[in-house]
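Below is one structure, written out as structure tokens; the observations come after it.
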Amino acid sequence: MTEISGETRFLHAVEMGLGVWQWGDRLVWQYGHGYGEEEARKAFQVSLTEGIRFVDTAEVYGSGLSERMLGKFIKETDQPILVATKYFPFPWRFTRGSLMRALKNSLERIGIESVDLYQIHWPSVTMSTDLLMDGLAEGVKSGLTRTVGVSNFGQTRMLAAYSALARHNIPLASNQVHYSLLSRGAEEKGILRRCKELGIRMIAYSPLEQGLLTGKYSVGSPPSGTRGGHYARMLPKIQPLIKLMTEIGQDHGGKTNSQVALNWIICKGALPIPGAKNEAQAQQNSGALGWKLTDDEVAKLDEVSNMVMK
Ligand SMILES: NC(=O)c1ccc[n+]([C@@H]2O[C@H](COP(=O)([O-])OP(=O)(O)OC[C@H]3O[C@@H](n4cnc5c(N)ncnc54)[C@H](OP(=O)(O)O)[C@@H]3O)[C@@H](O)[C@H]2O)c1
């Protein structure tokens, strides 16, 4: 595995990325209301200016629009971009060939010859982990993806994926899971620890808990759309955590809540990929880089996040 792994450990050098589910998604993010392609372009451009090079999309985001927009924006820059996308395991996809077809379609939408990371978006109900990993291995061997990963895999399934890929002499590069100060399952269930042991990069999605950790939402002012219902029970409990984040941010020269939330994830050894709808959000999130919370601050945030999630 050594020859391949040197080339494929690049994710461990990436501190933070940009998530682009927002680009084209109307159901959760209400694309077209208050932001559109121009705002997405500026979010992308400011992220590049701030040194963020890793972009996470998926074939299902905006039914392919997210990948298409990313492709368009990539062509407008001469900066190198690290592209991650995902295979969605629709139940009608049950052969190894379906994975290669989906990968080729993603590459066509993005307009590039290979991606840096190809991930299985969710475990499949119709394809075994072995079969999925055979498909990913074919992607690597054919040169269409540099590395491969999984997403939303629990520890048992992740270990099965790791072993199945090892039989092809290919490392499992990443597991992308929900992880934030308000969603600590990956830590509690030992996934983060096991990822570190095995050299698998844990990528943290919804690192701002879909906007809740910015502190801008409250019971009286909930997020719009499906998020309102989804977070109705959590919103009344989070104020002590928001207050602590604000205090800690002030002690670091006025860091915002989102910067504290993202920095906490970096301190835990995971790679956050915050989504941003516009330039201002992306600019602010990039300010999570270049400084570090102290161990005491991380411990205090752990304590209060545990308390509010009880
Ligand atoms: N693998 C998976 O199953 C999976 C699942 C979910 C997400 N993801 C990936 O992870 C990425 C990030 O997760 P996410 O998009 O669910 O949630 P998130 O990053 O926790 O939250 C993003 C949202 O928070 C708000 N926001 C972001 N930065 C802000 C700032 N500085 N100030 C104020 N508001 C801000 C924006 O929405 P509002 O302005 O509307 O509040 C933005 O759309 C996605 O884009 C996607 O690439 C993967």
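Criterion first (part of a helix (DSSP H, G or I) and either at pLDDT 95 or above or under 20 Å from the mean Cα position of the chain (by Cα) (or both)) does ALA204 satisfy it? Criteria not met by ALA204.
Here LYS196 clears all of (1) of a type in the set (D, E, K, R); (2) over 16 Å from VAL14 (Cβ atoms); (3) not in a loop (DSSP other than H, G, I, E, B) except the condition numbered (2). Here HIS33 meets the list (1) over 17 Å from GLN119 (Cβ atoms); (2) touching a Ser or Thr at 6+ places or on another chain (Cβ under 7 Å); (3) within 12 Å of the ligand (Cβ to nearest atom) almost entirely, failing just condition (2). Contact map, the stretch 26-49: residues that are over 25 Å from ASP78 (Cβ atoms) paired with residues that are among the small types (Gly, Ala, Ser) and within 12 Å of the ligand (Cβ to nearest atom), Cβ distance under 7 Å, separation 6+ or inter-chain. Pairs shown: VAL28/GLY225; GLN30/SER224; GLN30/GLY225; TYR31/GLY24; TYR31/GLY62. If you go through the stretch 148-182 and pick out every residue that is over 20 Å from ASP134 (Cβ atoms) and crowded, with 21+ Cβ neighbours inside 10 Å, you end up with 6.
Taking the criterion of being farther than 17 Å from ALA276 by Cα and either within 11 Å of the ligand (Cβ to nearest atom) or touching a residue at least 60 places away in the same chain (Cβ under 8 Å) (or both), the residues of the stretch 60-84 that qualify are VAL60, LEU82.
For every residue, the table says whether it meets (1) over 30 Å from GLY32 (Cα atoms); (2) in a helix (DSSP H, G or I); (3) in contact with a Gly (Cβ under 6 Å, 6 or more places away or on another chain).
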| position | (1), (2), (3) |
| --- | --- |
| PRO236 | no, yes, no |
| LEU244 | yes, yes, no |
| ILE248 | yes, yes, no |
| GLY253 | yes, no, no |
| GLN259 | no, yes, yes |
| TRP264 | yes, yes, no |
| ALA282 | no, yes, no |
| TRP291 | yes, no, no |
| VAL308 | yes, yes, no |
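For the stretch 266-280, a residue qualifies if it is within 13 Å of the ligand (Cβ to nearest atom) and part of a loop (DSSP other than H, G, I, E, B), and the qualifying residues are ALA270, ILE273, PRO274, ALA276, LYS277, ASN278. Within the stretch 16-28, how many residues are over 12 Å from the mean Cα position of the chain (by Cα) and surrounded by fewer than 22 Cβ atoms within 10 Å (Cβ to Cβ)? Within the stretch 16-28, residues that are over 12 Å from the mean Cα position of the chain (by Cα) and surrounded by fewer than 22 Cβ atoms within 10 Å (Cβ to Cβ) number 4. So which residues in the stretch 121-139 are in contact with a Leu (Cβ under 9 Å, 6 or more places away or on another chain) and surrounded by 21 or more Cβ atoms within 10 Å (Cβ to Cβ)? Matches in the stretch 121-139: MET127, LEU132, MET133, GLY135, LEU136, GLY139. Restricting attention to the stretch 114-170, the residues that are of a type in the set (Lys, Arg) and assigned to a loop (DSSP other than H, G, I, E, B) add up to 1. I'd like to know if the stretch 39-59 contains one or more residues that are of a type in the set (S, T, N, Q), surrounded by fewer than 18 Cβ atoms within 10 Å (Cβ to Cβ) and not in a helix (DSSP H, G or I). No; the residues of the stretch 39-59 include none that is of a type in the set (S, T, N, Q), surrounded by fewer than 18 Cβ atoms within 10 Å (Cβ to Cβ) and not in a helix (DSSP H, G or I). Just one of the numbered conditions (1) without any contact (Cβ under 8 Å) to a residue 24 or more places away in the chain; (2) farther than 30 Å from LYS42 by Cβ; (3) within 15 Å of the ligand (Cβ to nearest atom) is not true of PRO236: (3).
A quick yes/no check of all residues on (1) away from the ligand (no atom under 15 Å from the Cβ); (2) free of Cβ contacts under 8 Å to residues at least 24 places away in the same chain:
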{"position": "LYS189", "(1), (2)": "yes, no"}
{"position": "LEU198", "(1), (2)": "yes, no"}
{"position": "ILE203", "(1), (2)": "no, no"}
{"position": "SER206", "(1), (2)": "no, no"}
{"position": "GLY215", "(1), (2)": "no, no"}
{"position": "SER218", "(1), (2)": "no, yes"}
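The values are calculated or read from the model by the stated rules, or taken from the named source; none is laboratory data. Just so it is clear, the model here is predicted, and its values are computed rather than measured. Positions of Cβ are backbone-derived with ideal geometry, glycine not excepted, and every protein chain shown enters the neighbour counts.
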